[in-house]
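**Student:** One structure, as structure tokens, below. Some questions next.
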Amino acid sequence: MLEDRYNWISRRAHEIWEQEGGPNGRDRDHWSLAVAEREEFEHMSMDLVVERRSNDTSPRPRTILIVDDEPLIRFATVDALEQAGYEVIEAGNADEALALLGRMAVDALFTDINMPGSMDGLQLVSRVRERSPKTRMVVTSGHVHLGRFDLASGVAFLPKPYQYDSLIKLLEELLA
């Protein structure tokens, strides 16, 4: 179901981009407009989500930091996790993520491995583990496949392309 939502939003964001003449640097605006349109269609189901959240007795939503240099993948992942009730922070690379982590704590980190910048996702995981050993971590890649024994204890791997339901289930297990 989340894949259908992502595909609809992605197609609509592209349509908006085309209607505006293909401007550079406005991907997030186009994505946000498409999300807003989709949410209008989902208004009734969103009321059920809000009702479920209001019955939730947990003290606060879990905070997840998403790190991916591909904007559309990052935006879609953020939307899926927010729909699942998580508070989500996003970064486009490891350097940006470390800057954010210097100002706030997160419960989990979900990062792509291959990214531009001074470090890749595996180096980011190592740095975060040094600073915050209790932070749960998931790495993803469409180019590299890692097994259980290739990663430090407590770090999970989810290959791209991934299903949002699989990511949510994995995060629930890690944060339990």
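**Student:** Taking 0.36 nm per intervening residue step and subtracting the Cα-Cα distance, what contour gain separates residue 172 from residue 63 on full extension? Don't jump to the answer; show the numbers that get you there.
**Tutor:** Numbers: separation 109, 0.36 × 109 = 39.24 nm, distance 1.19 nm.
Stretched fully, the residue 172-residue 63 segment lengthens by 38.0 nm.
**Student:** Which of 122, 158 has the fewest other C-beta atoms within 10 Å, and how do the rest follow up to the most? Before the final figure, lay out each step's value.
**Tutor:** Numbers: 122 20, 158 17.
Going from least to most buried by this count: 158, 122.
**Student:** Given points 7 Å out from each Cα along the Cα-Cβ axis, report the residue 163 to residue 126 separation in nanometres with one decimal.
**Tutor:** 3.4 nm
**Student:** Can you tell me how much longer the chain between residue 20 and residue 114 gets when fully stretched, taken as 0.36 nm per residue apart minus their C-alpha distance, in nm with one decimal?
**Tutor:** 30.7 nm
**Student:** Exposed loop trypsin sites (Lys or Arg not before Pro) only (DSSP loop, at most 16 other Cβ atoms within 10 Å): please give the longest stretch of the chain free of them, not including the sites.
**Tutor:** Result for the longest clean stretch: 27-102.
**Student:** Tell me, what is the FRET efficiency for residue 87 and residue 39 to the nearest 0.05, using R0 = 25 angstrom and their Cβ-Cβ distance as r?
**Tutor:** According to the calculation, E is roughly 0.90.
**Student:** If you don't mind, there's one more thing I want to ask. Calculate, in nm to one decimal, what residue 105 and residue 153 gain on full extension: separation in residues at 0.36 nm each, minus their alpha carbon distance. Before the final figure, lay out the partial values.
**Tutor:** Values: separation 48, 0.36 × 48 = 17.28 nm, distance 2.03 nm.
So the chain would gain 15.2 nm between residue 105 and residue 153.
**Student:** With only alpha-carbon atoms counted, please give the Rg and Dmax of the chain, in Å.
**Tutor:** 16.7, 48
**Student:** Could you tell me what percent of the DSSP beta bridges with both partners in the chain are antiparallel, to the nearest 5? Don't skip to the answer; put the middle values down first.
**Tutor:** Numbers: 0 of 19 bridges.
DSSP beta bridges in the chain are roughly 0 percent antiparallel.
Just so you know, all these numbers are worked out from the coordinates, no wet-lab data involved. Keep in mind the model is a prediction, meaning the values are calculated, not measured. When we count neighbours, we look across all protein chains shown, and the Cβ atoms used for this are built from the backbone with ideal geometry, even at glycine.
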